[in-house]
1. Do you know which residues across the range 25-52 are in contact (Cβ under 8 Å) with a residue 24 or more places away in the chain, in contact with a strand residue (DSSP E or B) (Cβ under 9 Å, 6 or more places away or on another chain) and assigned to a helix (DSSP H, G or I)?
2. Which of the following residues is farther than 23 Å from residue 298 by Cα and touching a helix residue (DSSP H, G or I) at 6+ places or on another chain (Cβ under 7 Å): 191, 107, 183?
3. Among the residues of the range 264-274, is any in a helix (DSSP H, G or I) and in contact with a strand residue (DSSP E or B) (Cβ under 7 Å, 6 or more places away or on another chain)?
4. If residue 46 satisfies all but one of (1) more than 43 Å from the chain's Cα centre (by Cα); (2) crowded, with 16+ Cβ neighbours inside 10 Å, what's the number of the condition it fails?
5. Would you please name the residue that is farthest from residue 6 (Cα to Cα), looking only at residues in the range 53-77 that are surrounded by 14 or more Cβ atoms within 10 Å (Cβ to Cβ) and out of contact with any strand residue (DSSP E or B) (no Cβ under 7 Å at 6 or more places or on another chain)?
6. Does residue 192 count as touching a residue at least 40 places away in the same chain (Cβ under 8 Å) and farther than 30 Å from residue 284 by Cα?
7. Out of curiosity, is residue 131 more than 28 Å from residue 206 (Cβ to Cβ), surrounded by fewer than 17 Cβ atoms within 10 Å (Cβ to Cβ) and at pLDDT below 90?
8. What do you reckon, is residue 287 modelled with pLDDT under 85 and either at positive phi or in the same structural domain as residue 184 (by TED's automatic domain parsing) (or both)?
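The values are calculated or read from the model by the stated rules, or taken from the named source; none is laboratory data. Not measured: the values here are computed from a predicted model. Cβ: placed from backbone, ideal geometry, glycine included. Neighbour counts: every protein chain shown.
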């Protein structure tokens with residue numbers, strides 16, 4: 001009989017009935033009614049064309065054919081149970097990795113790339129924590145916690161690996177660029193400047209529009225029209241929608257520049273080198289677990305492949 005046609009529920013009910021020598025006791029073990037067990041056994045007998053039980057007024061008794069079949073069925077069910085247990089134990093041994101990083105970095109840079117690593121590391125269970133505050137990295141035999149931070153070192157009490165330097169420059173939608181005919185930094189003073197409220201950022205201040213205009217030699221005699229957002233991704237979405245110009249961190253907008261939904265109005269000119277960097281923070285003590293080492297190597301390789309301006 002082809003395996004896809006095997007009546008597995010009936011075989012399980014039959015095996016329990018033979019083991020217990022009772023439909024009622026088998027029903028109790030399977031958490032069904034005795035009538036359900038009886039029907040499953042009858043279904044199996046009809047399918048096989050073999051009598052598996054003798055029915056009596058006081059109960060049932062397996063036939064010789066029933067006992068022979070029961071031995072093979074019980075052995076098969078035991079092998080299935082062992083296989084399920086083995087898979088479960090392997091899942092319990094899966095390495096758990098928690099990475100804490102700023103929300104904008106997770107959403108705009110890491111998440112689009114992470115599936116490539118997960119496809120090759122199926123035993124690594126990766127959780128992401130969108131948190132900008134500093135946490136203490138740690139690693140244990142089956143789990144680890146790492147932190148990726150945007151700021152300015154040195155970072156106390158940890159080992160840090162530099163992933164990116166940062167560069168800031170204006171970006172906008174192609175439609176706004178065409179409509180506004182932006183030729184020089186001073187032209188942005190007539191545009192809506194999209195800004196992000198970084199008040200929750202711990203550490204040195206993040207360069208802003210004032211810093212960028214100062215680096216280009218443009219004096220801000222009057223305050224330009226600005227629209228403020230609590231999340232970087234919101235400001236970026238509004239820039240894509242043509243609602244203004246945002247001062248972009250290169251790692252966070254590179255994919256959108258590549259896709260063409262955002263453009264740099266001044267090409268490669270007028271970039272502001274930021275004193276802040278993207279760093280991966282690791283524990284000082286202890287040996288790095290192999291799964292963490294592979295993740296760190298992958299992350300560094302992705303950063304190396306990601307060319308900064």
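1. Here is the first cut: in the range 25-52, the residues in contact (Cβ under 8 Å) with a residue 24 or more places away in the chain are 37, 40-41, 43-44, 47, 52.
The next check asks that each one be in contact with a strand residue (DSSP E or B) (Cβ under 9 Å, 6 or more places away or on another chain); those that pass are 41, 52.
Scanning the range 25-52 gives a single hit, 41.
2. 191
3. In the first step, residues of the range 264-274 are kept if they are in a helix (DSSP H, G or I); the result is none.
Within the range 264-274, not a single residue is in a helix (DSSP H, G or I) and in contact with a strand residue (DSSP E or B) (Cβ under 7 Å, 6 or more places away or on another chain).
4. Just one mismatch for residue 46, condition (2).
5. Looking at the filtered set, the residue picked out is 65.
6. yes
7. No, not satisfied.
8. Numbers: modelled with pLDDT under 85: yes; either at positive phi or in the same structural domain as residue 184 (by TED's automatic domain parsing) (or both): no.
Judged against the criteria, residue 287 is not a match.
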